[in-house]
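> One structure follows; several queries about it will come next.
Just so it is clear, none of the values below were taken in a lab; they were calculated from the coordinates. Everything numeric here is computed off the predicted structure, so don't read it as measured data. Methodologically, a virtual Cβ is constructed for each residue, glycine included, from the backbone with ideal geometry; neighbour enumeration extends over all protein chains shown.
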Amino acid sequence: MDTYRATLLTLAGLGFLGFGLWFLVDPISPLAAIGITATGAPAATEFRAFYGGLEVGLAVLLLAAAARPDWRVPGLWLVLATNGGIAAGRLLGVALDGVWVPFFTYALVWEVGFALLAAIGLRGAARAD
C-alpha cells in the first residue's frame, strides 16, 4: 500500500506541476482554449499567481510527501481535499450557471478520479493504524 500511496502522490504532484508550469509560462491561452477570455497584464499576473504558483506549490508538497513515508497520509488528505474541492466547485458552477464545455468532462475525470484514489489510500492507512 505504501508504493500505491507514493505513486499516487507522485502522479498528482506531476499533474499539478505540469499545469502550474504551463500557467506560469503562458497564463492566458490555456483558459482561452476552453472559452475563458481575459486580457491584459493584471489578468496574466493573477492567473500566473493563482493557477501557476498555487499549483506549483501543491506539486512541490505532494512530491515531497511521495518521497517521505511519514508525509504520505497527510499528502493523500491534500490530494483528496484539493481535487475533491475543485470537482465540487466545478459541479456547483455547472449547476448554477447551466454551462458545460468538453473540457469539464476531462477535468472531472481527473479530479474525481484522484479524490477517489486518495480516499482508497487513506482507507488503507486507517486499517493499518
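Residue-by-condition table, conditions (1) surrounded by 15 or more Cβ atoms within 10 Å (Cβ to Cβ); (2) hydroxyl-bearing (Ser, Thr, Tyr); (3) out of contact with any Phe, Trp or Tyr (no Cβ under 6 Å at 6 or more places or on another chain):
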| site | (1), (2), (3) |
| --- | --- |
| Phe19 | yes, no, yes |
| Ile34 | no, no, no |
| Thr39 | no, yes, yes |
| Ala64 | no, no, yes |
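> For a quick check of your reading: which helices (runs of 4 or more DSSP H) sit entirely within the stretch 40-129 and have at least 3 residues that are farther than 16 Å from Leu9 by Cβ?
Helices (runs of 4 or more DSSP H) meeting the threshold: 41-47, 72-97, 102-128.
> Checking the condition closer than 29 Å to Ala119 by Cα, in contact with a helix residue (DSSP H, G or I) (Cβ under 6 Å, 6 or more places away or on another chain) and not β-branched (Val, Ile, Thr), which residue from Leu14, Leu63, Leu96, Leu54 passes?
Leu63
> Let me ask another. Hey, could you check the stretch 77-117 for residues that are among the β-branched types (Val, Ile, Thr) and over 18 Å from Leu61 (Cβ atoms) and say which is surrounded by the most Cβ atoms within 10 Å (Cβ to Cβ)?
The selected residue is Val112.
> Also, quick follow-up: Output the qualifying pairs, or none if there are none: Cβ atoms under 7 angstrom, residues six or more apart or on different chains, first residue in the stretch 66-87 and free of Cβ contacts under 8 Å to residues at least 12 places away in the same chain, second residue surrounded by fewer than 18 Cβ atoms within 10 Å (Cβ to Cβ) and not basic (Lys, Arg).
Filtered contacts from the stretch 66-87: Trp71/Ala64.
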